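Okay, so here's the structure we're looking at.
The values are calculated or read from the model by the stated rules, or taken from the named source; none is laboratory data. Just so you know, these numbers come straight off a predicted model, no measurement behind them. Cβ atoms come from the backbone with ideal geometry, glycine included; neighbour counts cover every protein chain shown. Protein only, heavy atoms only, side chains kept; ligands, DNA and RNA dropped before computing areas. Shrake-Rupley method; radii C 1.70, N 1.55, O 1.52, S 1.80 Å.
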Amino acid sequence: MNPHFLEIKSLAKRFPAKQGELTVFEDVSFGIEKGEFVCIIGHSGCGKSTILNVLAGLDAPSDGEVLMAGKEVRGPALERGIVFQNYSLLPWRSALSNVMFGVAARWPGWSKTRVREHSLKYLHMVGLKDGAEQRKPAQLSGGMRQRVAIARAFAIEPKLLLLDEPFGALDALTRGTIQDELLKICAETHQTVFMITHDVDEAILLADRILLMTNGPQARIAESVRVSIERPRERGSIVHDPGYYPIRTHLVDFLVSRSHGLSGSANSGAPGSGHQGPPRIVDPAEAARGASSLGSPSNAIGNAVSNRPSHAIGKGPSNAVSHSTSNANGATDDRSVESGPLLRAVNL
Amino acid sequence: MLKSDSWRAVIVSVSLLVIFLGLWQLSTPAPQAEEALSEYELLMGGADQEARVPSPSEIIGLAISELSNPFYDAGPNDKGIGIQLGWSLYRVLTGFGLAALIALPLGFLIGMSPMMYKALNPFIQVLKPISPLAWMPLALFIIKDSETSSIFVIFICSIWPMLINTAFGVAGVRKDWVNVARTHELGPMQTAFQVILPAAAPTILTGMRISIGIAWLVIVAAEMLVGGTGIGYYVWNEWNNLDLTSVIFSILMIGVVGMLLDLALASATRLVTYQE
Ligand SMILES: Nc1ncnc2c1ncn2[C@@H]1O[C@H](COP(=O)(O)OP(=O)(O)O)[C@@H](O)[C@H]1O
Ligand SMILES: [Mg+2]
C-alpha cells in the first residue's frame, strides 16, 4: 500500500488524572490523501480537538506518530494552516492586517506591497470587501470573522488545512454561505483538508470521507464513511442525490445509538475492542445503490432512524448493506422531515 | 442627549467652583492696613510673618505673576515655578524610565515562565510594601548624592506596579493568540513583539499609569527630604517662609501636573486598547 500523504499511526493521548491517567483516545490510525477533504464527527469531549492539535503539532501525542509527506510532525509549521472555532484573530489588527500577518510570516522576503496584494486576493476570495478589510475583528460579524480566519489559513497556502468546528458558532444562514465558499475554494485549490464538525449535513456536503469517532474516554475511530456523491456538489441539490440519505442515516444512527457502545471503555473485554489499524471503510451510498438495483424495498422503513442496539461492529460490509437497504425506498422527502428533531438532538 | 449632559456637568462644575471660591473669599478677612512695623517685626523680615490662610484672589494674583514668568532664576531660594516643576519632572521621568527599562523585560520573563514567577514572587511581595522613602537613608549613604538618591526613590516606587502588571498581562495573553504565533512559526522575539506585547499592552500601560501617579506623589516628599530644587522643596521652602499663598499655589500646580501626567498615559493606554 502506498503511504498516505498524511499518516496517523496508532495515536494515543493521555492526560494525568486524579487516579492514574485519563486516556482520551487510543489506537487512532488513519490516512489522508493529497487533495482529500476528510471530516471527523463525534460527540463533544471525545477528543477531536485533541487529535487536531496533535496533527497541527501544537500538542504532542502520548503514543504513536503523525507523518506528513513521510516526515514526522514534531511542532507547528506553516505548511499546516489552522482555523479554530473561536477564530483566534488578533483583535488589535484589522482583518487585512491579520491576513498579512500570516502571509508575511510565510514569505518573509516579500515586499509589503506584495504581502498586501496577496492578502487582499484571499480576503476577496472569501467575500470580504468594501471596506470590511480595514475593520477590526470586534467590528465584524461572526461570519465575517470566520471568513478572515479562513482567508488567513488559505493565504499561507498550506499543504494541509485543519479546521476545528469552524462554523460551530455561526447561524445557519451564514454557515450555509460560508460552506458554499469553502466548497468553491477547495474545488479551485485542491486543498487537503481535515475538518472537525458536529453537523452531519455539513460533513456530507463537504467531505470525501467522514471519520466516525466513538465516545470517550478511550475513544477510537470506528468507521471511515465514504461520501460517494459526485462533485461539484451544491447545498440545495445534494439532498436529492440518491446517496445522500443512506449516508446521512448511517451517520445519525452512529451518533445516536452506536457511538457510545463502541468506545474502548464501554467494552474493553468485548470482541472487536482490540481492533487496531485503520478504521473499517463503509460506503452507505454505494451500498444503497447496489441494494436498490437488487430491488428489495420490502423491509424498508423502520430501522433507518430508530434506535438500534449496537450490533454494528465487526460485521463488515454486509452490515452496511443491510443497514442502508432500509433507506433505499426513495422516500427521502418524508425522512428529511422525520429526521429534523433527531438531527437537532445530535447537534449538541 | 449626551452633549447636553456634558454641558450640564460643566455648568455644575463651574458653579461649584464659584460657590467654593466665593465662600472662601468671604471667610478670609482682608489684610489689615499697614501699620508701622515694630523693630522686632523689621528684624524678622516684615509683617507677612503673621500666618493666615490667603484668599483666592491673592492666590490668583500670585498665579498670574508666577505663570507669566515661570522660568526666572534669582538664586537658590528664588526660582520660578516652572524651573521647580521641571526639576521634579526630570527626576520623575528619569526614575520612571529606568524602572520601565527593568520592569518591562523582567515582567515579561515572570509572565512567560511560571518557574520565574514562583522564584521571584517572594522578593516582590516583601519589597513591594516598603514605603519608597524608607529607602532614602540607605540610598543617600550608598549613592552619596541627593540628586541620584531621589531618582532612585522614584525608581523603586514606580517599578512594582509596572512589574506586576506586565507579568500579569503577559501571563494572561490568550493561549489562542500564542498558538497563532506558534503555527506561523514566529521566533521568540517575533512572538514577544508581534503577539504578546500588543496583547498585554493595555495591562502594561495601566501599570505604567499607576506607577507615574505614585512617582509624582513620592517626588514631593522626597524633595522635601533632600532639598535643593524641585516642587517638593519649593513647597517646604515657602512653608518655612510662612508664605501660604505660594504653598497653596504650588499645591495646585502639583495637582495640575499630576493630572497632565495621568492624562498622557491614559491616552497612550487608549491607543493600544483593543476590543475583543
Ligand atoms: N489539558 C488537558 N488536561 C486534561 N484533560 C484534557 C485536557 N485537554 C483535553 N482534555 C480532555 O480530553 C477530552 C477531549 O477533549 P477535546 O479534544 O477538546 O474534545 P472534542 O474536541 O472532541 O470536543 C475531554 O474530555 C477533555 O476533558
Ligand atoms: Mg473541540
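Taking residues in the range A:39-51 that are farther than 15 Å from residue A:212 by Cβ and open to solvent by 10 Å² or more (accessible area, probe 1.4 Å), and partners anywhere that are assigned to a loop (DSSP other than H, G, I, E, B) and of a type in the set (Gly, Ala, Ser), the pairs with Cβ atoms closer than 7 Å and at least 6 places apart or on different chains are A:45/A:216.
Can you tell which of B:137, B:122, B:76, B:129 is closer than 27 Å to residue B:175 by Cα and exposed (fewer than 13 other Cβ atoms within 10 Å of the Cβ)? Give the derivation first.
Details: B:137 fails: closer than 27 Å to residue B:175 by Cα; B:76 fails: closer than 27 Å to residue B:175 by Cα; B:129 fails: closer than 27 Å to residue B:175 by Cα.
After applying the criteria, what remains is B:122.
Exactly one residue out of A:102, A:109, A:45, A:70 is modelled with pLDDT of 95 or more and more than 8 Å from every other protein chain (Cβ to nearest Cβ), and it is A:109.
Quick one: would you say residue A:149 is within 21 Å of residue A:91 (Cβ to Cβ), part of a helix (DSSP H, G or I) and within 14 Å of chain B (Cβ to nearest Cβ)?
Numbers: within 21 Å of residue A:91 (Cβ to Cβ): yes; part of a helix (DSSP H, G or I): yes; within 14 Å of chain B (Cβ to nearest Cβ): yes.
So residue A:149 fits the description; yes.
For residues that are within 14 Å of chain B (Cβ to nearest Cβ) and either surrounded by fewer than 22 Cβ atoms within 10 Å (Cβ to Cβ) or farther than 24 Å from residue B:187 by Cβ (or both), tally how many sit in the range A:116-140. Number satisfying all stated conditions: 6. For residue A:218, the requirement of being open to solvent by 10 Å² or more (accessible area, probe 1.4 Å), on the phi > 0 side of the Ramachandran plot, more than 14 Å from chain B (Cβ to nearest Cβ) and more than 16 Å from ligand 2 (Cβ to nearest atom) is met.
If residue B:155 satisfies all but one of (1) open to solvent by less than 60 Å² (accessible area, probe 1.4 Å); (2) within 13 Å of chain A (Cβ to nearest Cβ); (3) part of a helix (DSSP H, G or I), what's the number of the condition it fails? Result: residue B:155 passes all but (2). Considering each residue of the range B:242-259 in turn, none proves to be out of contact with any Leu (no Cβ under 8 Å at 6 or more places or on another chain) and within 14 Å of chain A (Cβ to nearest Cβ).
Quick check on my filter: what residues within the range A:36-58 are assigned to a strand (DSSP E or B) and within 13 Å of ligand 2 (Cβ to nearest atom)?
Taking the range A:36-58 first, the residues assigned to a strand (DSSP E or B) are A:37-41.
Within the range A:36-58, A:40, A:41 meet the criteria.
The number of residues in the range B:33-48 that are surrounded by fewer than 11 Cβ atoms within 10 Å (Cβ to Cβ) and either in a helix (DSSP H, G or I) or modelled with pLDDT of 60 or more (or both) comes to 4. Of all the numbered requirements in (1) touching a Lys or Arg at 6+ places or on another chain (Cβ under 9 Å); (2) assigned to a helix (DSSP H, G or I); (3) of a type outside the set (Lys, Arg), residue A:128 misses one, and that requirement is (2). Scanning the range A:59-90 for residues that are over 25 Å from residue A:142 (Cα atoms), within 16 Å of ligand 1 (Cβ to nearest atom) and either outside any strand (DSSP E or B) or open to solvent by 60 Å² or more (accessible area, probe 1.4 Å) (or both) yields A:59, A:60, A:61, A:62, A:63.
Residues of the range A:93-115 that are basic (Lys, Arg) and either crowded, with 19+ Cβ neighbours inside 10 Å or part of a loop (DSSP other than H, G, I, E, B) (or both): A:93, A:106.
Can you tell me which of B:201, B:221 is within 14 Å of another protein chain (Cβ to nearest Cβ), assigned to a helix (DSSP H, G or I) and among the small types (Gly, Ala, Ser)?
Working: B:221 fails: within 14 Å of another protein chain (Cβ to nearest Cβ).
The conditions single out B:201.
Pairs are defined by a Cβ separation below 8 Å, a sequence spacing of at least 6 or placement on different chains, a first member in the range A:221-233 that is of a type in the set (Asp, Glu), and a second member that is modelled with pLDDT under 90; the pairs so defined are A:223/A:279; A:223/A:280; A:223/A:281; A:223/A:282. Just one of the listed residues (A:197, A:192) is open to solvent by less than 10 Å² (accessible area, probe 1.4 Å) and either within 14 Å of chain B (Cβ to nearest Cβ) or within 16 Å of ligand 2 (Cβ to nearest atom) (or both), namely A:197. Scanning the range B:227-236 for residues that are open to solvent by 20 Å² or more (accessible area, probe 1.4 Å) and on the phi < 0 side of the Ramachandran plot returns B:229, B:233, B:236.
Residues in the range B:248-276 that are free of Cβ contacts under 8 Å to residues at least 40 places away in the same chain and closer than 15 Å to residue B:221 by Cβ: B:251, B:254.
I'm trying to understand the selection: among the residues of the range A:1-30, which are small (Gly, Ala, Ser) and open to solvent by less than 10 Å² (accessible area, probe 1.4 Å)? Within the range A:1-30, just A:12 meets the criteria. Per this entry, residue A:157 is counted among residues that are away from chain B (no Cβ under 12 Å), surrounded by 15 or more Cβ atoms within 10 Å (Cβ to Cβ) and outside any helix (DSSP H, G or I).
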